[in-house]
Amino acid sequence: MLGLAKGLGYTFKKLTEKKVTHFYPDVPFPMPPRFRGIQHFSPEKCIVCNQCARVCPTECIQLTGKPHPDPEKKGKIIDTYDINFEICILCDLCTEVCPTEAIVMTNNFELAAYSRDELYKDLKWLDDNNTNVREEN
Amino acid sequence: MSELLQQAPSLGNTLWFILAAVVLLVILLGFVTYAIYFERKVIGWMQLRIGPNRVGPLGLLQTVADVTKLLIKEDTRPKNADRALFTLAPILAYAPAFGVLAVMPFTESIQFADLGIGLLYYIALSGITVLGVITAGWASNNKYSLIGGLRSAAQMISYEVPLVMSVVGVVLLTGSMNLREIVEAQRDMWNIIPQFLGFAVFIIAAQAELNRTPFDLPEAESELVSGYHVEYSGFRFAMFMLAEYVYMFGMATLITVLFLGGWLPIIPALDFIPGIVWFVLKFSAYVFLQFWLRATMPRMRADTLMSFAWKVLLPVALVNILLTAVIVSYQQGMF
Amino acid sequence: MNQNILTTHAETSSETGIRTEEMLLNVGPQHPSTHGVFRLVVKIDGETIKEAIPVMGYLHRGTEKLAENLTYTQIIPYTDRMDYVSAMTNNYVLCHAVETMMGLEIPERAQYLRLIAMELNRVASHLVWWGTFLLDLGAMGPFLYAFRDREKILDLFNELCGARMTFNYMRIGGVKWDAPDGWIEKVKDFVAYMKKELPSYHQLVTGNEIFLSRIKGIGKFDQKTALDYSLSGVMLRSTGVKWDLRKDEPYCIYDRFDFDVPTGTDGDCTTRYHLRMEEIVQSLRILEQALEQFPSDGEVIGKVPRVIRPPAGETYVRIESPRGEIGCYIASQGKDKPWRLKFRRPSFTNLQILPKLLEGESISNMIAILGSIDIVLGEVDC
């Protein structure tokens, strides 16, 4: 019986203790600086080296480049850049390999959508996703 | 109230009966609504959560929303279920739980029927609830339900024995089965003191009768998914929920009346506080105990449960009867 | 699945004329106590289990086959998803295997970070086990208390590597991130907090008579059976075999620390319960020492070639995960992708004894036994 009483005592003490619940949807949940959220992509930095698409373990990045509009300059610029967040596992490898930090992580993590189609994020969306960008990549 | 019962039946007093019953039902629904609310709040607080807080101010309308959801849900019935029994089971579980309240004296004046054998009536009627549970378990045509139903049959019937035995001491002490007289007899001392053994047995057996933690085997979320009402949804499930909480209301009332002195104050000096307040306080203390236990205890196992009923509770209850009988006969000068 | 189980036996009692029949009960894949999508077909007579057959594979993702088309770095995020309750050990076992093959030197600081991460994860994993085990037994509270404390560990991981469960923290040759400023102090605070908090766990649960009656003498097996079934971890140690790879085949830098390997003799659920609780204490001990010795600076990733190509050959390494012995076998042909990768998953191996343990037990005991094995379905099905 002593064990039962001890347990009851423990739970009773907890009754008035400070609660640990986060008020998440009402109050934004701050994530630490290193948090891996949805990527931000800046097209002007991209050199179309294709490394991110190659390193991606789930092959969720698709990109195409086009020749530089200025014929003087060599190399390519990015034309389309899509990440399929249905299969992206936010593993951080794409941002790790990117030599120019064109693709970086942000602290935003809310991806829920009513339709799967909305989970295909294109270049423009990823470019606009420019808040809470992670400092160290 | 009781003088109405003495009159010859007429349209007038029949309407009165119905009105009184409806009022009690409404009070009861209010109790159930807020018992569930407080259960979730108290358990939430004990588990360092804050409990329901989204619907209405402080989440006060949470249960209302839940019940509304249940009521407007599609009525599903498994294809191979026994139609008639499946429909009957929730009613069978609910009706006796409500019926027992007829004899409960809440204060000196608020009582529906002042039966001479009030206690016996309660025990007899509450025994029917188990039928509802077994029927539900059988009629659902689901193996988990069946196991849950049979577990509850074994459990509720075994625990009814020590439950009844434990109140025999009170009856001996009072010399009456009338609940009002039992309360009146506690003017000097609540039964919890002379009948402590009986009280302990009663409170444990009541827990098992109510199918609540740590004796919630018939439901056993983590073992039998949810036992006998696994196939029930919508308003039929709401009936079972209602039955469970109404039964808790009944049991809390009974414990207050039998052992905690009903509407009597703690000390006679506090007599100026109305009896109903005392009643509600004692009542709430028991209901709180229920929630507290639920936040703390794991579930018992079927075999230990049964041997506990027959090998521990029953002998203790019998010893209690013997002791009470000896004391009562000593007081009456038999030896 | 063995088809024999599908035939149930019926008989009519000659005395009473009542016909009784055995019943097949499908526990899972959506049962609340199977900790995921695990299915157990049990043949029951009343509530007594006559025969039980586990059906696995509902969460099979083919990690091992997928790995054959992935570079070694790409496999690391996949290992996070095997034993998702203790992903750090999985990260480590893969990196350790590749590093062993390539003979890589791991910087001191990275070693310490790895060890701290793994031990924290062990504590987190045991906390999850503690909570869910009690939840299986019908107590709701412990689950939330355990998760409150686990949450603190996850927050620490979140600061360290930016994720709460799928860490992808370790890299071949080191770790991805150095500890952020003040992180070590936070871990120290946590260790102190956890040491203070553990006695209250015992206060709440360990002395509870109902709880003790639920687990005492349940799911018992002896040393020989444990060895025959190739059990590992607490399942093995509960029978008295003192076998902990951290002690017996020290990897990482475990040989520098002073800790005990708790063992029991009864081999029942009670022993396993106490052993896991004791392991939390030992993990905290290791953490305390590691945090004291933590080097003040240094690299966190060693000299690693740009493309990781282990030499042709094969290797098998094993480490102690919270659930037991997790092993990684790599057969390489000198390419940047493994030719064959195989994980020895402790959950899967430990689960094999389940049908034997369940024979003759009741449904309630079934839940207790399954809970005490401590499986993670991501790892069972891999």
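Summary table below
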read-out: Which listed residue, of C:Val123, C:Val85, is part of a helix (DSSP H, G or I), open to solvent by less than 40 Å² (accessible area, probe 1.4 Å), in contact (Cβ under 8 Å) with a residue 60 or more places away in the chain and away from chain B (no Cβ under 14 Å); value: C:Val123
read-out: Only listed residue being modelled with pLDDT under 90, open to solvent by 30 Å² or more (accessible area, probe 1.4 Å) and within 12 Å of another protein chain (Cβ to nearest Cβ), chosen from C:Thr73, C:Thr63; value: C:Thr73
read-out: Residue identified as at pLDDT 80 or above and on the phi > 0 side of the Ramachandran plot among B:Gly175, B:Gly169, B:Gly198; value: B:Gly175
read-out: Count of residues meeting criterion [over 21 Å from the mean Cα position of the chain (by Cα) and over 19 Å from C:Arg114 (Cβ atoms)] in region C:313-333; value: 5
read-out: Residue ID - nearest to A:Leu63 (Cα to Cα), chosen from residues in region A:104-137 that are basic (Lys, Arg) and in contact (Cβ under 8 Å) with a residue 12 or more places away in the chain; value: A:Lys121
read-out: Residue that is farthest from C:Val304 (Cα to Cα), among those in region C:137-177 that are of a type in the set (D, E, K, R) and within 14 Å of chain B (Cβ to nearest Cβ); value: C:Arg148
read-out: Checklist (1) within 14 Å of chain C (Cβ to nearest Cβ); (2) of a type in the set (A, V, I, L, M, F, W, C); (3) crowded, with 24+ Cβ neighbours inside 10 Å applied to B:Val225, failing item; value: (3)
read-out: Single unsatisfied condition, B:Phe199 versus (1) touching a helix residue (DSSP H, G or I) at 6+ places or on another chain (Cβ under 6 Å); (2) closer than 23 Å to B:Leu318 by Cα; value: (1)
read-out: Hits in region C:175-189 (condition: open to solvent by less than 10 Å² (accessible area, probe 1.4 Å) and part of a helix (DSSP H, G or I)); value: C:Trp183, C:Val187
read-out: Evaluation of C:Met194 against (1) over 30 Å from B:Thr304 (Cβ atoms); (2) in contact with a Gly (Cβ under 7 Å, 6 or more places away or on another chain) (one fails), failing number; value: (2)
read-out: Conditions (1) surrounded by 13 or more Cβ atoms within 10 Å (Cβ to Cβ); (2) more than 14 Å from every other protein chain (Cβ to nearest Cβ); (3) outside any strand (DSSP E or B); number of the one not met by A:Gln62; value: (3)
read-out: Tally of residues being touching a residue at least 60 places away in the same chain (Cβ under 8 Å) and open to solvent by less than 60 Å² (accessible area, probe 1.4 Å) across region B:302-335; value: 13
read-out: Selected residue (criterion: modelled with the lowest pLDDT) from residues of region C:202-231 that are crowded, with 24+ Cβ neighbours inside 10 Å and away from chain A (no Cβ under 14 Å); value: C:Gly219
read-out: Some residue of region B:227-244 being under 30 Å from B:Leu71 (Cα atoms), among the β-branched types (Val, Ile, Thr) and out of contact with any Leu (no Cβ under 6 Å at 6 or more places or on another chain); value: yes
read-out: Any chance B:Leu146 is free of Cβ contacts under 8 Å to residues at least 12 places away in the same chain and either over 28 Å from B:Ile266 (Cα atoms) or in a helix (DSSP H, G or I) (or both); value: yes
read-out: Region A:1-20, residues that are surrounded by fewer than 17 Cβ atoms within 10 Å (Cβ to Cβ), among the β-branched types (Val, Ile, Thr) and either assigned to a helix (DSSP H, G or I) or within 10 Å of chain C (Cβ to nearest Cβ) (or both); value: A:Val20
read-out: Members of region A:21-42 found to be loosely packed, with under 15 Cβ neighbours inside 10 Å and either touching a residue at least 40 places away in the same chain (Cβ under 8 Å) or within 14 Å of chain C (Cβ to nearest Cβ) (or both), listed by number; value: A:Thr21, A:His22, A:Tyr24, A:Phe29, A:Pro30, A:Pro33
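Here is a yes/no grid of residues against (1) farther than 26 Å from C:Phe147 by Cβ; (2) out of contact with any strand residue (DSSP E or B) (no Cβ under 9 Å at 6 or more places or on another chain):
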position: C:Tyr72; (1), (2): yes, no
position: C:Pro77; (1), (2): no, yes
position: C:Asp80; (1), (2): no, yes
position: C:Asp83; (1), (2): no, no
position: C:Ser86; (1), (2): no, no
position: C:Tyr92; (1), (2): no, no
position: C:Ala97; (1), (2): yes, no
position: C:Thr100; (1), (2): yes, no
position: C:Pro107; (1), (2): yes, no
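The values are calculated or read from the model by the stated rules, or taken from the named source; none is laboratory data. These numbers come from a predicted model, not from an experiment. When we count neighbours, we look across all protein chains shown, and the Cβ atoms used for this are built from the backbone with ideal geometry, even at glycine. Note: areas computed on protein heavy atoms with side chains; ligands, DNA, RNA excluded. Shrake-Rupley method; radii C 1.70, N 1.55, O 1.52, S 1.80 Å.
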